[in-house]
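Shown next, in structure tokens, is the structure this report addresses.
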Amino acid sequence: MTPRRIITVASGKGGVGKSTFAINFALTLARVAPTVLVDLDSGTSSVRNTIAAPVERDLYHFFRKGEPLDRCMTPLPEKLDPTGHFRDFSFVAAPQHAIEEFTNLSDTNRVRLIRAINQLPASYVILDLRAGLDTNVLDLLPHSNSGILVFTPHHPAATMAAADIVKALLFRKLRLVFSTDGPLSNAEGASSQLATINGLLDRVEDSYDDRIPNLDAFLTDLFQAFGDAPVVRALAENIANFGVFFVLNLFDGVRESFDAAVAPFVRLLQSQVSAQIAIHNLGWIVNSREVHEGNCHRRPIVLKTVSDGNLRRDKILADLEALADMAGTPRAPARRRSTIDYLLSIDPRGVLLDQLEVLNAMHRDPAALQVRDNFAYIARRALHALGSLPPDRFGQRQLLTPVELCQALLRSAAVLTLDSDGDAAAVPLP
Ligand SMILES: Nc1ncnc2c1ncn2[C@@H]1O[C@H](COP(=O)(O)OP(=O)(O)OP(=O)(O)O)[C@@H](O)[C@H]1O
Ligand SMILES: [Mg+2]
């Protein structure tokens with residue numbers, strides 16, 4: 001059985017093709033294992049507008065009528081899936097009209113939604129999030145990676161906004177761990193150290209203050225203050241293990257995409273967040289009339305029947321299935337590194353060259369040449385990431401409430417507390 005993963009699709013700005021990607025990506029994954037797409041974008045209800053399926057129950061019924069979420073799933077009607085190839089696909093539609101419970105999720109409703117999503121009966125759960133960066137988006141994103149970010153070479157602001165999501169996610173995590181009334185605050189003498197750390201974090205996060213430009217500089221300061229203490233090392237590992245995954249929509253050539261989107265994205269992350277985080281390009285989707293027409297006719301491009309090219313399709317599906325089997329054997333986590341190893345291994349040039357290499361490799365891969373195959377290609381790379389990276393490095397097994405997140409972070413950071421000398425000591429877990 002394929003391990004369950006929840007994969008978010010987010011973008012800092014609207015209109016970049018997030019829903020188009022999420023729908024076609026979920027449909028493609030459904031060829032491999034049961035997949036549910038949840039439309040969490042209250043603004044446009046675009047999933048139900050893009051798939052011509054009669055919706056019996058949606059998130060209105062979940063929030064207002066107390067229906068379990070798995071009773072709000074809509075399968076494809078026969079006219080969209082005459083061959084039954086997509087019978088393992090279903091979606092949870094957003095309410096037809098805006099309702100307060102969904103537009104402004106209360107804490108209680110957010111926790112209820114998180115718990116229900118965690119229990120959906122599927123191997124892959126894809127969340128189409130609304131654009132922007134409010135708590136409703138942040139709390140649903142994974143904590144150890146970015147989920148899938150979508151942006152395009154045509155909207156520089158969307159590229160910047162995608163980088164802001166990564167920044168916000170990492171800082172949310174650090175703020176929780178180092179909060180002055182959080183889990184590290186009980187130890188004697190901790191409060192002044194936590195205050196110092198928070199003061200430093202304020203400076204890193206403030207892009208108008210360039211005294212500590214990013215988390216690597218922050219780490220260097222901490223290293224000077226506390227030495228290679230476990231708490232500093234845990235921080236370094238948290239940053240180095242954070243994975244960023246993105247998809248380029250409206251792709252218009254390697255050179256253009258590199259100059260207009262990939263390079264600015266990588267540079268922003270390096271200068272404002274860290275030169276160490278791993279950035280993975282999962283693939284691109286070309287700008288195509290067929291994609292847009294598929295949306296307008298409410299038959300997403302991946303569902304369009306084609307009379308030719310079956311051979312190619314079979315090959316891609318065989319690849320997909322082979323890769324899905326791999327998803328059960330995650331690689332062992334990387335060995336622990338000292339903070340100084342981390343700081344010494346930063347090479348900003350390497351990251352940009354890697355990105356160019358990936359773009360070129362994709363360009364040469366025949367599976368990426370036609371628009372319908374773009375989604376299979378991305379799904380193939382995503383399944384490969386799920387299979388080869390440690391769990392939670394890409395996507396997440398469970399969504400966590402802020403309290404659960406804090407507990408998980410402490411466990412993963414070898415459970416640390418500050419003692420009065422500024423060193424870290426292990427605390428037993430409850
Ligand atoms: N690869 C593509 N080729 C052509 N048109 C596209 C492509 N991707 C998206 N579009 C079109 O761009 C528009 C925006 O797409 P979509 O609704 O998926 O974006 P979104 O990011 O989900 O927007 P919103 O923020 O409003 O939810 C739609 O009209 C869609 O048909
Ligand atoms: Mg959308």
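Every number in this text was worked out from the coordinates using simple rules, so none of it is lab data. None of these values were measured; they are calculated from a predicted model. Reconstructed Cβ throughout: ideal geometry from the backbone, glycine too, with neighbour counts over all protein chains shown.
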Original post:
Hey, what do the phi angles of the range 108-125 turn into as Karplus ³J(HN,Hα) couplings, whole Hz, using 6.51/-1.76/1.60 and θ = phi - 60°, x for Gly and Pro?
Top reply: 4, 5, 5, 5, 4, 5, 4, 5, 5, 4, 4, 9, 4, x, 7, 7, 10, 10
Original post:
Near the amide H of PHE251, under 5 Å away, which other amide H atoms are found, from residues 5 or more places off or on another chain, if H is placed in the peptide plane?
Top reply: ILE285, VAL286, ASN287
Original post:
Ranked by Cβ crowding within 10 angstrom, fewest neighbours first, how are SER11, SER123 ordered?
Top reply: SER123, SER11
Original post:
Expressed in nm to one decimal, what extension gain is obtained for the pair ALA263 and VAL403 from 0.36 nm per residue of sequence separation less their Cα-Cα distance?
Top reply: 46.8 nm
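Taking 0.36 nm per intervening residue step and subtracting the Cα-Cα distance, what contour gain separates GLU78 from ASN118 on full extension?
Result: 11.6 nm gained on full extension.
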Original post:
Taking the Cα-to-Cβ direction at THR180 and at SER192 and moving 7 Å from each Cα, how far apart do the two end points lie in nm?
Top reply: 1.4 nm
Subject >> For the range 7-78, the Rg and Dmax computed from alpha carbons only, in angstrom >> reply: 12.7, 35
**OP:** Using the Karplus curve 6.51 cos²θ - 1.76 cosθ + 1.60 with θ = phi - 60°, work out ³J(HN,Hα) for each residue of the range 257-263 in order, rounded to whole Hz, and write x for Gly and Pro.
**Re:** 5, 5, 5, 8, 10, 5, 4
Original post:
With θ set to phi - 60° and the Karplus curve 6.51 cos²θ - 1.76 cosθ + 1.60, what are the ³J(HN,Hα) couplings of the range 277-294 in order, to the nearest whole Hz, using x for Gly and Pro?
Top reply: 5, 7, 10, 10, 8, 7, x, 9, 10, 6, 6, 9, 4, 4, 5, 5, 5, x
Original post:
If the label point is 7 Å along Cα→Cβ of ALA98, which residues in the range 11-34 have backbone nitrogen under 17 Å from it?
Top reply: 14-15
Original post:
Amide H to amide H, which residues 5 or more places from THR74 or on other chains are under 5 Å from it, using H placed in the peptide plane?
Top reply: PHE91, VAL92, ALA93
Subject >> 20 Å Cα-Cα reach of LYS304 towards lysines, excluding residues that sit fewer than 8 places from it in its own chain >> reply: LYS18, LYS79, LYS315
**OP:** Obtain the nm distance between the two label points defined at ASP107 and ASN49 by a simple spin-label model: each point lies 7 Å from its Cα along the Cα-to-C-beta direction.
**Re:** 3.4 nm
Original post:
Convex hull volume of the Cα atoms in the range 108-173, per residue, in Å³?
Top reply: 101 Å³
**OP:** Round to the nearest 0.05 the FRET efficiency obtained for GLU357 and ALA157 when R0 = 35 Å and r is the Cβ-Cβ distance.
**Re:** 0.80
Subject >> Amide proton proximity set for ARG397, modelled H, under 5 Å, gap of 5+ >> reply: ILE6, ASP392
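To the nearest µm²/s, what D does Stokes-Einstein give for the range 86-198 at 20 °C and 1.002 mPa s, using the Kirkwood radius over alpha carbon pairs as Rh?
Diffusion coefficient, whole number: 125 µm²/s.
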Original post:
Between rounded, prolate and oblate, where does the range 1-139 land on the alpha carbon gyration tensor, with a ≥ b ≥ c its root eigenvalues, rounded for a/c under 1.5, else prolate if a/b exceeds b/c?
Top reply: rounded
Original post:
Could you give the length gained on full extension between HIS297 and PHE171, defined as 0.36 nm per residue of separation minus the Cα-Cα distance, in nm?
Top reply: 41.2 nm
